[in-house]
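Each remark here refers to the structure printed beneath this line.
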Amino acid sequence: MPTTPELQRLDDRIRRQGIIILSVFAFIWAVAGWGNLSQAPIVAMTVSALVSLAVLILGIRHANQGHRRRERVLPPSWNRWVGLVNIAQIVIIAAAVFTLVRTDNLIFLPPTIALIVGLHFFPLAPLFGQKQYRWTASALCLLAVAGFTAALTGAALTVVIAGVCVTAAVILWAAAIHIAVRN
């Protein structure tokens with residue numbers, strides 16, 4: 001059984017890794033969204049990079065100060081299950097990308113990926129002991145529904161890509177901040 005200092009280090013490490021991963025993927029979503037637009041994408045992507053960097057730095061600084069540190073109750077083999085969930089997510093996204101590109105249904109790509117990413121957060125919540133991931137999962141799944149609705153009702157491809165991708169970035173930035181501040 002790990003000691004209290006070991007549990008605190010584990011808690012800090014999980015928080016930092018979560019903040020880093022969420023910030024990096026938020027930036028990727030933002031670049032995918034803004035890079036699709038012809039009007040001032042460089043400015044928007046620069047702002048997105050600065051936001052990701054700020055969330056990353058402030059989040060890690062806040063997490064390193066030990067605010068709201070708590071003991072986590074992690075399930076047995078939690079890290080193995082996290083790996084399996086992430087591998088499954090990657091495989092499913094790859095299959096979706098392949099299928100949607102081959103069938104020329106690019107407009108459904110952003111909401112499909114948002115749905116897959118959102119669904120993958122549901123099992124991660126108990127595995128990491130991060131209840132916040134439930135609202136992250138729910139928000140991304142609702143975003144996917146909005147993206148599918150926009151695509152099916154005739155929205156332009158650029159609108160669907162920008163809307164879904166930039167909103168997904170905001171959701172992930174908010175999740176990173178929430179983990180840093182509230183744990």
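The values are calculated or read from the model by the stated rules, or taken from the named source; none is laboratory data. All values reported here derive from a predicted model rather than from experimental measurement. Using ideal geometry, Cβ is built from the backbone for each residue, glycine included, and neighbour counts are taken over all protein chains shown.
The table below lists the values:
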quantity: Test result for residue 67, surrounded by 15 or more Cβ atoms within 10 Å (Cβ to Cβ) and modelled with pLDDT under 85; calculated: no
quantity: Among the candidates 156, 151, 146, 137, residue that is of a type in the set (A, V, I, L, M), modelled with pLDDT of 95 or more, more than 20 Å from residue 14 (Cβ to Cβ) and in contact with a Phe, Trp or Tyr (Cβ under 7 Å, 6 or more places away or on another chain); calculated: 151
quantity: Those residues of segment 14-44 which are within 20 Å of residue 159 (Cβ to Cβ), out of contact with any Ser or Thr (no Cβ under 6 Å at 6 or more places or on another chain) and crowded, with 17+ Cβ neighbours inside 10 Å, in sequence order; calculated: 29, 31, 32, 33, 34, 44
quantity: Residue that is small (Gly, Ala, Ser), farther than 24 Å from residue 56 by Cβ and touching a helix residue (DSSP H, G or I) at 6+ places or on another chain (Cβ under 7 Å), where the choices are 150, 180, 176, 146; calculated: 150
